[in-house]
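A.B. asks: If you scroll down you'll find the structure; I have some questions about it.
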Ligand code: ADP
């Protein structure tokens, strides 16, 4: 079928064995034989481009007869996308007589388009004219696909190199850089040309450069992979830490032919490590400062981890493993039971513990430890106890010291209160005792007279009895005052109390030639209070006034006692003198216990007076505004609102 088709196309065959159709213009059968023997698809055309012959190989390739192949330009067995170019090139060749090559897709006999290379060259006669064209077709499909695959894989590789999240580079065996991936260039903001050879060093932090170059030199010299850390400048000027890692590529003889490297950004990791280091240091310092150590105890293996501070607290050598046994030996013998009890509780699932235990150190010193721990299951499901142990020895000792101090203080207070009581009594009963003494002596003198005046003696004796009773009352009242009992409440007339009180030290007044004047407001409301105590206040103030004037040897010695309703609810009483007054520097301390300027003074009169007045809800003050030129003492008392009987 094929041969008859060939025959039809090219005329009768010269020799059947060739498989080639005999050609009209054929000059030599050998030529056809030659063409037929070419183990590749071949077509022969006339100088004008008409197909003359098509060898078996090409007929088989297309599954077409030589006749059918004649119209190749019209047939659909050249891929429509490639046909115009194939036709154009062919025409151009025929016109110019120039050989050419072209690649196009041809439809193989099995219906598959495959890439072929068509090489076209002219056969020339002895005059140099084109006599025929020879078209040689080579199937390059597989090769082309392999090339495509190769370039695709190269594309892929370069994509990988440029997208890996690291700065990648390569260098020649002598260490001079010859490639930087896109990431690298984008990161440092430099072009590949700028980075080449030593240019990349411009982006290294100056202080890190020597170290980096040194490390790189070492890797090159030792011909070994290596790594080094250094800071690299980002395009925006920020420096970040990078890990530079290199690896040599060796040929089959083991010779390094290339170096490959990556720079990995470790800034965040470095900062995290730094942060961790700082927080660890912080924690350790914290433990040191608050004398607290931490521990972890794995209950199944009894593995115990102590923090450094805990080693210090227990005074354990740092490198010897901590065991329960070792801890027990350090615990105070009396507390070992407590510890083993706590260990048992933990083993029985008690999760939270809070207890105190004592240690006995090798030098015999005792330490008090407060332990707080709680149990939990670790990631591997094992039961663990984590806890904090605080050395509370100092606190314990200071608590003890404080307790001792407290009891000492209580004792001192008791003693002091007794002292104040004694001093107060001594001070206050002094005046009635002096009066008793004077009146007793006087009545004795009256009794010694040849004719004793019984009436006078009775009066003097009555005064002795009154003063003795008053002294006894004073003792009771002072005890009340010191033990902070509220004053006894009787409705009193302040004017009456003044008049009574001024009579008690009358002997002192006489001796010191002191004139006492009273200026008492009429119809004052009464006050609720303790008569004896209020008498004491007036006696104290009047006696002080007398003593101040006696001491200063003042020629004119006057005391003026006034009462007034200073406001509707307050009654005031003022005792003034013509003495030297109070030194301004003494004024603030006048009412302090034991403050005195007198040689034999006790410094109790004014503090007792203030205690009494304040216990009655009033106030007392001192100044030098006396109309008589000396000191002025004023005390107030709340009025009861009622008039006195
Ligand atoms: P004492 O009389 O034992 O010294 P007081 O408490 O009664 O204790 O008085 C304290 C001090 O107040 C006196 O030592 C004195 O310096 C001063 N003082 C009290 N009253 C007067 C006064 N009328 N004039 C001047 N100084 C006074």
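A.B. asks: Could you list all residues from the range 361-387 that are outside any loop (DSSP other than H, G, I, E, B) and more than 18 Å from residue 292 (Cα to Cα)?
C.D. replies: 375, 376, 377, 383, 384
A.B. asks: Residues that are assigned to a helix (DSSP H, G or I), within 11 Å of the ligand (Cβ to nearest atom) and not assigned by TED's automatic domain parsing to the domain that holds residue 468: does the range 586-594 have at least one?
C.D. replies: yes
A.B. asks: Which ranges mark the strands (runs of 3 or more DSSP E) fully within the range 23-124 that have 2 or more residues being without any contact (Cβ under 8 Å) to a residue 24 or more places away in the chain and closer than 23 Å to residue 145 by Cα?
C.D. replies: Hits in the range 23-124: 100-107, 113-124.
A.B. asks: Can you pull out every residue in the range 269-295 that is in contact with a strand residue (DSSP E or B) (Cβ under 9 Å, 6 or more places away or on another chain) and modelled with pLDDT of 75 or more?
C.D. replies: 269, 270, 271, 283, 291, 292, 293, 294, 295
A.B. asks: Right, another one. Please find, within the range 299-335, the residue that is surrounded by the fewest Cβ atoms within 10 Å (Cβ to Cβ) out of those that are at pLDDT 90 or above, under 29 Å from the mean Cα position of the chain (by Cα) and outside any helix (DSSP H, G or I).
C.D. replies: Ranking the candidates gives 305 first.
A.B. asks: Now for a different question. Looking at (1) outside any loop (DSSP other than H, G, I, E, B); (2) in contact (Cβ under 8 Å) with a residue 24 or more places away in the chain; (3) within 9 Å of the ligand (Cβ to nearest atom), find the lone condition where residue 607 falls short.
C.D. replies: Single failed check for residue 607: (2).
A.B. asks: I would also like to ask the following. Conditions: (1) more than 60 Å from the chain's Cα centre (by Cα); (2) away from the ligand (no atom under 12 Å from the Cβ); (3) crowded, with 18+ Cβ neighbours inside 10 Å. Residue 616 meets all but one. Number of the miss?
C.D. replies: (1)
A.B. asks: Also, quick follow-up: Kindly list the number of the only condition in (1) at pLDDT 50 or above; (2) out of contact with any helix residue (DSSP H, G or I) (no Cβ under 6 Å at 6 or more places or on another chain); (3) within 23 Å of residue 124 (Cβ to Cβ) that fails for residue 49.
C.D. replies: (2) is the only condition that residue 49 fails.
For every residue, the table says whether it meets (1) surrounded by 16 or more Cβ atoms within 10 Å (Cβ to Cβ); (2) assigned by TED's automatic domain parsing to the domain that holds residue 244; (3) touching a helix residue (DSSP H, G or I) at 6+ places or on another chain (Cβ under 6 Å).
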{"position": "138", "(1), (2), (3)": "no, no, no"}
{"position": "151", "(1), (2), (3)": "no, no, no"}
{"position": "158", "(1), (2), (3)": "no, no, no"}
{"position": "178", "(1), (2), (3)": "no, yes, no"}
{"position": "187", "(1), (2), (3)": "yes, yes, no"}
{"position": "194", "(1), (2), (3)": "no, yes, no"}
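A.B. asks: Every residue in the range 346-357 that is closer than 20 Å to residue 294 by Cβ and at pLDDT 85 or above, please.
C.D. replies: If the condition is that a residue be closer than 20 Å to residue 294 by Cβ and at pLDDT 85 or above, then 346, 352, 353, 354, 355, 356, 357 are the ones that fit.
A.B. asks: Of all the residues that make up the range 82-124, how many are loosely packed, with under 12 Cβ neighbours inside 10 Å and closer than 17 Å to residue 143 by Cβ?
C.D. replies: Result for the range 82-124: 1.
A.B. asks: What do you reckon, is residue 641 touching a strand residue (DSSP E or B) at 6+ places or on another chain (Cβ under 8 Å), at positive phi and either more than 9 Å from the ligand (Cβ to nearest atom) or not in a helix (DSSP H, G or I) (or both)?
C.D. replies: Here the answer is yes, as residue 641 does meet what is asked.
A.B. asks: Also: Would you mind stating whether residue 631 is touching a strand residue (DSSP E or B) at 6+ places or on another chain (Cβ under 7 Å) and near the ligand (Cβ under 8 Å from one of its atoms)?
C.D. replies: yes
A.B. asks: Kindly state which helices (runs of 4 or more DSSP H) lie completely within the range 487-584 and contain at least 1 residues that are within 15 Å of the ligand (Cβ to nearest atom) and out of contact with any helix residue (DSSP H, G or I) (no Cβ under 7 Å at 6 or more places or on another chain).
C.D. replies: By residue number, 531-551.
A.B. asks: Something else now. Looking for something more than 43 Å from the chain's Cα centre (by Cα), over 14 Å from residue 235 (Cα atoms) and in contact (Cβ under 8 Å) with a residue 24 or more places away in the chain - is there at least one such residue anywhere in the range 201-223?
C.D. replies: Within the range 201-223, one or more residues are more than 43 Å from the chain's Cα centre (by Cα), over 14 Å from residue 235 (Cα atoms) and in contact (Cβ under 8 Å) with a residue 24 or more places away in the chain.
A.B. asks: Here's another thing I want to ask about it. Of the residues 545, 550, 583, which is crowded, with 23+ Cβ neighbours inside 10 Å and farther than 30 Å from residue 643 by Cα?
C.D. replies: Just one listed residue meets the conditions, 545.
A.B. asks: Also, quick follow-up: Could you check, for the range 537-551, whether at least one of its residues is out of contact with any strand residue (DSSP E or B) (no Cβ under 6 Å at 6 or more places or on another chain) and modelled with pLDDT under 90?
C.D. replies: yes
The values are calculated or read from the model by the stated rules, or taken from the named source; none is laboratory data. This is a predicted model, so every value here is computed, not measured. Neighbour counts are summed over all protein chains in view; Cβ atoms, including those assigned to glycine, are modelled from backbone coordinates with ideal geometry.
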